[in-house]
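Dropping a structure here in structure tokens format, bear with me for questions.
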Amino acid sequence: MRRREFAMLAGPSILVMAGLLLLPLYRTIQWSLQDVDYGSPGKFVGLDNYRQAFSDPRLADAVVFTVTLTLLVTAVLVVVGYLLAAFVNSLGRSKPYVLGLLLVPYVIPHIVGATMFSWLFNANYGGVVTYAIEKMTGIQVLWMTDTWPNRILIALNIIWSMLPFAMLIILAGLQGVSAEILEAAKMDGASPVRTHLSVIVPSIRGVLGFVALISIMDVVRTFDPLVPLSPQAVQLGNESIMLYIYNVAFRDGGQDLGLGSAINVLLILLIIVLLYPFIRGLAKEARMR
Amino acid sequence: MTVPAGVIPSTDESAELNQVVSEPHSRPPRRLGRTLVVGGLVLLICWTLLSPVLWTAMTVTKPTNIAFVNPPQFFYEPTFDAFVNLWQTTQFYSYLVNTLVVAVISTVFALLIGVPAAYALSRYPGWISTLLLVAALVFRALPRFAVVLPMYDISRALNIYDTTIAISAALVAINQPFSIWLLRNFFAEIPEQLDEAAMLDGCTRFQMLRRVMIPLMGPGILTAGIFMFLFAFQEYLTALVLTDVNARTVPVFIATQLGQTLPMLQQAGAASMILTLPVIAFAFIAQRYLVAGLSSGSVKG
């Protein structure tokens with residue numbers, strides 16, 4: 001392909017990304033060094049915003065909360081997603097219908113799914129799960145106002161909404177595992193568990209990595225589910241980094257745009273660190289082609 | 001793999017193997033037992049995963065005075081008052097139209113610019129393709145606020161704040177990295193010799209793309225389109241920042257209803273169900289293309 005053809009084909013897409021992603025990103029970096037408000041030119045203040053961010057214990061709490069949530073949810077998604085995909089893959093004629101039903105949590109908008117979760121759990125709204133637990137154990141779990149139950153609720157909701165996607169990707173991977181290898185494992189007398197662990201899992205390593213990648217990207221940026229599920233996120237210490245940015249820089253005409261932008265930049269750095277293994281792998285693969 | 005008792009298809013080798021090993025008489029009950037266990041498991045999994053939706057469906061069809069009481073009520077006269085209320089007392093209709101308009105516009109434009117770009121990336125060797133792919137990965141992971149807050153500022157300055165155009169444009173850009181990444185992997189599966197053959201026959205690069213590649217890419221483009229539509233339909237954060245009242249979408253509307261009094265809360269539930277029912281239909285239609293599309297090589301990792 002000639003350079004001119006490449007420019008014409010890829011040009012519009014590159015222009016859109018440059019104008020609507022790169023330019024705003026540049027703005028954010030610029031703002032992070034300024035004392036600034038929307039619609040007015042800022043005043044350069046050097047690294048003041050970063051200094052302020054690092055001295056705010058809320059940021060440290062938000063980072064610990066977000067990173068722990070990310071690692072936990074990612075591990076659960078890979079393991080449970082695999083089990084579910086293997087199970088669905090073994091189904092016969094009912095497979096398309098089961099798959100359709102299982103996809104529902106993924107296609108529902110996150111904010112809607114989280115709202116549905118809050119009604120299922122919150123005793124104030126007659127949450128049936130809390131009611132059942134109370135009937136059985138006599139304990140009323142305060143999902144919205146106790147720190148740990150609230151954390152569990154948030155994690156459950158995110159797992160619920162992302163599990164279908166993990167399952168779908170792994171299922172697609174499972175269908176690519178060659179029948180001959182499976183037959184050979186069977187002939188050698190490998191048990192089903194052994195076949196999964198030593199034959200299937202290694203051959204879909206790439207797919208499992210892809211699921212982990214998407215999960216890390218998305219959970220680090222958790223925002224939507226916290227709006228219905230954790231109205232008191234700040235007091236409970238369940239504020240995600242994204243929610244912290246929102247609270248600082250936008251909510252109720254939030255004034256501290258400079259600080260918010262500085263945290264945005266720090267979050268980007270954190271994401272790059274978390275994704276570094278994947279970025280390196282991708283660059284290596286692309287160079288080899 | 002479930003085979004009706006007594007029928008042994010000659011093509012299924014494992015079934016033949018089983019037949020040799022096991023007693024013919026013991027087969028029907030064991031099959032039946034397995035079917036029951038698997039069926040029970042399917043029901044349990046589906047019921048667990050769908051319980052939030054089912055419970056909400058019950059909540060919004062209860063009379064308002066018992067919809068959210070504790071202890072929860074399980075028996076009631078179903079009513080659709082909440083839906084009627086939603087339609088009559090709020091701007092729900094226009095929010096729904098906004099949501100659909102944004103989803104359609106952003107999907108069409110994302111594909112229009114994404115398909116040629118992905119094709120170019122899959123065919124053009126050299127550092128620029130590598131750089132763009134890595135950039136796409138990083139952009140895909142970018143925190144929304146890092147681009148959406150400046151967009152808010154810019155859209156106010158350009159006087160397009162609170163329009164469907166502004167959100168659509170934002171979503172095209174935000175979802176562009178994912179769509180070119182997905183589509184590039186589909187194109188990479190198509191052998192390059194095919195391009196060369198078509199061009200030897202006298203096609204230009206663009207004619208070839210239109211007449212040969214795009215028809216071949218049907219499932220891939222459909223898969224990418226499904227994802228784009230879904231992402232736009234679900235988007236909350238971008239719409240929250242870039243809209244006020246005129247271009248408000250349903251997810252933003254639902255979130256604003258949450259802190260309100262009971263009737264409004266139940267209206268939010270009704271709006272949730274209206275948003276959920278079409279996507280359930282969508283899930284059933286989409287699962288065929290998604291599994292086929294994704295397994296044809298797009299997720300090599």
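Table: residues versus (1) among the β-branched types (Val, Ile, Thr); (2) part of a loop (DSSP other than H, G, I, E, B).
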{"position": "A:Lys135", "(1), (2)": "no, no"}
{"position": "A:Leu142", "(1), (2)": "no, yes"}
{"position": "A:Leu163", "(1), (2)": "no, no"}
{"position": "A:Ile169", "(1), (2)": "yes, no"}
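Report whether or not B:Gln207 is within 20 Å of A:Leu23 (Cβ to Cβ) and of a type in the set (S, T, N, Q).
Details: within 20 Å of A:Leu23 (Cβ to Cβ): no; of a type in the set (S, T, N, Q): yes.
Judged against the criteria, B:Gln207 is not a match.
Would you check which residues across the stretch A:154-182 are of a type outside the set (Val, Ile, Thr), within 21 Å of B:Gly220 (Cβ to Cβ) and within 9 Å of another protein chain (Cβ to nearest Cβ) and list them?
A:Pro164, A:Leu168, A:Leu171, A:Ala172, A:Gly173, A:Leu174, A:Gln175, A:Gly176
Out of all the residues in the stretch A:30-42, is one or more within 22 Å of the chain's Cα centre (by Cα) and closer than 20 Å to A:Leu267 by Cβ? Reasoning before the result, please.
We begin by selecting, within the stretch A:30-42, every residue within 22 Å of the chain's Cα centre (by Cα); these are none.
The answer is no; no qualifying residue exists.
For the stretch A:225-253, which positions are among the acidic types (Asp, Glu) and in contact with a Ser or Thr (Cβ under 9 Å, 6 or more places away or on another chain)? Walk me through how you get there before you give the answer.
Start the filter on the stretch A:225-253 by keeping residues that are among the acidic types (Asp, Glu), which leaves A:239, A:252.
A:Glu239 - this is the single residue of the stretch A:225-253 that is among the acidic types (Asp, Glu) and in contact with a Ser or Thr (Cβ under 9 Å, 6 or more places away or on another chain).
Would you check if there is a residue in the stretch A:253-262 being closer than 30 Å to B:Leu131 by Cβ, more than 10 Å from chain B (Cβ to nearest Cβ) and part of a loop (DSSP other than H, G, I, E, B)?
no
For the stretch A:1-103, list the helices (runs of 4 or more DSSP H) that sit wholly inside it and hold at least 1 residues that are acidic (Asp, Glu) and either buried (at least 21 other Cβ atoms within 10 Å of the Cβ) or without any contact (Cβ under 8 Å) to a residue 12 or more places away in the chain (or both); which are they? Walk me through how you get there before you give the answer.
Numbers: elements: A:3-17, A:23-31, A:48-55, A:57-89.
The helices (runs of 4 or more DSSP H) meeting that bar are A:3-17.
Here's another thing I want to ask about it. Somewhere in the stretch B:178-189, is a residue surrounded by fewer than 22 Cβ atoms within 10 Å (Cβ to Cβ) and among the β-branched types (Val, Ile, Thr)?
No, because not a single residue in the stretch B:178-189 is surrounded by fewer than 22 Cβ atoms within 10 Å (Cβ to Cβ) and among the β-branched types (Val, Ile, Thr).
Somewhere in the stretch A:206-223, is a residue modelled with pLDDT of 85 or more, assigned to a loop (DSSP other than H, G, I, E, B) and more than 7 Å from every other protein chain (Cβ to nearest Cβ)?
Taking every residue of the stretch A:206-223 in turn, at least one turns out to be modelled with pLDDT of 85 or more, assigned to a loop (DSSP other than H, G, I, E, B) and more than 7 Å from every other protein chain (Cβ to nearest Cβ).
Then there is this: Before we move on, is B:Gln260 assigned to a helix (DSSP H, G or I), over 19 Å from the mean Cα position of the chain (by Cα) and at pLDDT below 85?
Working: assigned to a helix (DSSP H, G or I): no; over 19 Å from the mean Cα position of the chain (by Cα): yes; at pLDDT below 85: yes.
In short, no.
Within the stretch B:124-143, is there a residue that is among the aromatic types (Phe, Trp, Tyr) and within 18 Å of B:Ala224 (Cβ to Cβ)? Explain how you work it out, then say what you get.
As a first pass, look at the stretch B:124-143 and keep what is among the aromatic types (Phe, Trp, Tyr): B:124, B:127, B:139.
After this cut, where a residue has to be within 18 Å of B:Ala224 (Cβ to Cβ) as well, the list is B:139.
Taking every residue of the stretch B:124-143 in turn, at least one turns out to be among the aromatic types (Phe, Trp, Tyr) and within 18 Å of B:Ala224 (Cβ to Cβ).
Just to be sure, is A:Ala184 surrounded by fewer than 21 Cβ atoms within 10 Å (Cβ to Cβ) and either touching a residue at least 24 places away in the same chain (Cβ under 8 Å) or within 20 Å of the chain's Cα centre (by Cα) (or both)? Before the answer, list the steps.
On the way: surrounded by fewer than 21 Cβ atoms within 10 Å (Cβ to Cβ): yes; either touching a residue at least 24 places away in the same chain (Cβ under 8 Å) or within 20 Å of the chain's Cα centre (by Cα) (or both): no.
When the stated conditions are applied, A:Ala184 does not pass them.
Pick out the one residue from A:Gly138, A:Gly113, A:Gly100 that is over 22 Å from A:Asn238 (Cβ atoms), in contact with a helix residue (DSSP H, G or I) (Cβ under 7 Å, 6 or more places away or on another chain) and not aliphatic (A, V, I, L, M). Outline the logic, then answer.
Details: A:Gly138 fails: in contact with a helix residue (DSSP H, G or I) (Cβ under 7 Å, 6 or more places away or on another chain); A:Gly113 fails: over 22 Å from A:Asn238 (Cβ atoms).
When all the criteria are applied, what remains is A:Gly100.
Filter the stretch A:227-246 down to the residues that are in a helix (DSSP H, G or I) and away from chain B (no Cβ under 11 Å) and list them by number.
Here is the first cut: in the stretch A:227-246, the ones in a helix (DSSP H, G or I) are A:227-229, A:233-236, A:241-246.
Of everything in the stretch A:227-246, those that are in a helix (DSSP H, G or I) and away from chain B (no Cβ under 11 Å) turn out to be A:Ala233, A:Val234, A:Gln235, A:Leu236.
Next up: Can you tell me how many residues within the stretch B:40-61 are over 23 Å from the mean Cα position of the chain (by Cα) and in contact (Cβ under 8 Å) with a residue 24 or more places away in the chain? If you could, list the steps in order and put the result at the bottom.
Here is the first cut: in the stretch B:40-61, the residues over 23 Å from the mean Cα position of the chain (by Cα) are B:40-41, B:43-44, B:58-61.
Within this subset, residues satisfying the condition of being in contact (Cβ under 8 Å) with a residue 24 or more places away in the chain are B:59-60.
Count: 2.
Listed residues A:Gly126, A:Gly100; which is of a type in the set (Gly, Ala, Ser), closer than 28 Å to A:Val219 by Cα and within 7 Å of another protein chain (Cβ to nearest Cβ)? Give the steps one after another, and end with the answer.
Values: A:Gly126 fails: closer than 28 Å to A:Val219 by Cα.
Answer to the check: A:Gly100.
Give me the residue from the stretch B:209-254 that is among the basic types (Lys, Arg) and assigned to a helix (DSSP H, G or I) and, out of that set, farthest from the other protein chains (Cβ to nearest Cβ). Even if it seems obvious, please write down each step before you answer.
To start, the set of residues in the stretch B:209-254 that are among the basic types (Lys, Arg) comprises B:210-211, B:248.
If we keep only those that are assigned to a helix (DSSP H, G or I) as well, we get B:210-211.
Numbers: B:Arg210: 12, B:Arg211: 15 Å.
It comes out as B:Arg211.
Looking at (1) part of a helix (DSSP H, G or I); (2) more than 7 Å from chain B (Cβ to nearest Cβ), which one does A:Leu120 not meet, given that it meets all the others?
(2)
While we're here: Scan the stretch A:109-129 for residues that are of a type in the set (Ser, Thr, Tyr) and at pLDDT 85 or above and report the count. Walk me through it before giving the result.
Here is the first cut: in the stretch A:109-129, the residues of a type in the set (Ser, Thr, Tyr) are A:115, A:118, A:125.
Pick out the ones that are also at pLDDT 85 or above and you get A:115, A:118.
Residues flagged as of a type in the set (Ser, Thr, Tyr) and at pLDDT 85 or above within the stretch A:109-129 amount to 2.
Could you tell me whether the stretch B:148-160 includes any residue that is closer than 25 Å to A:Phe6 by Cα and more than 9 Å from chain A (Cβ to nearest Cβ)?
The answer is no, given that none of the residues of the stretch B:148-160 is closer than 25 Å to A:Phe6 by Cα and more than 9 Å from chain A (Cβ to nearest Cβ).
State whether the residues of the stretch B:167-180 include one that is over 24 Å from B:Leu242 (Cα atoms), out of contact with any strand residue (DSSP E or B) (no Cβ under 6 Å at 6 or more places or on another chain), at the interface with chain A (Cβ under 10 Å from one of its Cβ atoms) and modelled with pLDDT of 85 or more.
At the first step, the residues of the stretch B:167-180 found to be over 24 Å from B:Leu242 (Cα atoms) are B:180.
Subset that is out of contact with any strand residue (DSSP E or B) (no Cβ under 6 Å at 6 or more places or on another chain): B:180.
Keeping just the survivors that are at the interface with chain A (Cβ under 10 Å from one of its Cβ atoms) gives B:180.
From the residues that got through so far, the ones that are modelled with pLDDT of 85 or more too are B:180.
Yes, there is a match, as at least one residue in the stretch B:167-180 is over 24 Å from B:Leu242 (Cα atoms), out of contact with any strand residue (DSSP E or B) (no Cβ under 6 Å at 6 or more places or on another chain), at the interface with chain A (Cβ under 10 Å from one of its Cβ atoms) and modelled with pLDDT of 85 or more.
Now, a different point. Residue check: is A:Thr115 of a type in the set (S, T, N, Q), at the interface with chain B (Cβ under 8 Å from one of its Cβ atoms) and surrounded by 15 or more Cβ atoms within 10 Å (Cβ to Cβ)? Working first, answer last.
On the way: of a type in the set (S, T, N, Q): yes; at the interface with chain B (Cβ under 8 Å from one of its Cβ atoms): yes; surrounded by 15 or more Cβ atoms within 10 Å (Cβ to Cβ): yes.
It is true that A:Thr115 is of a type in the set (S, T, N, Q), at the interface with chain B (Cβ under 8 Å from one of its Cβ atoms) and surrounded by 15 or more Cβ atoms within 10 Å (Cβ to Cβ).
A further question on this structure: Against the condition under 30 Å from A:Leu101 (Cβ atoms) and at the interface with another protein chain (Cβ under 10 Å from one of its Cβ atoms), how does A:Leu22 come out, does it pass? Step through it out loud before you land on a result.
On the way: under 30 Å from A:Leu101 (Cβ atoms): no; at the interface with another protein chain (Cβ under 10 Å from one of its Cβ atoms): yes.
So A:Leu22 fails the test.
The values are calculated or read from the model by the stated rules, or taken from the named source; none is laboratory data. Just so you know, these numbers come straight off a predicted model, no measurement behind them. We place every Cβ from the backbone using ideal geometry, glycine too, and count neighbours over all the protein chains shown.
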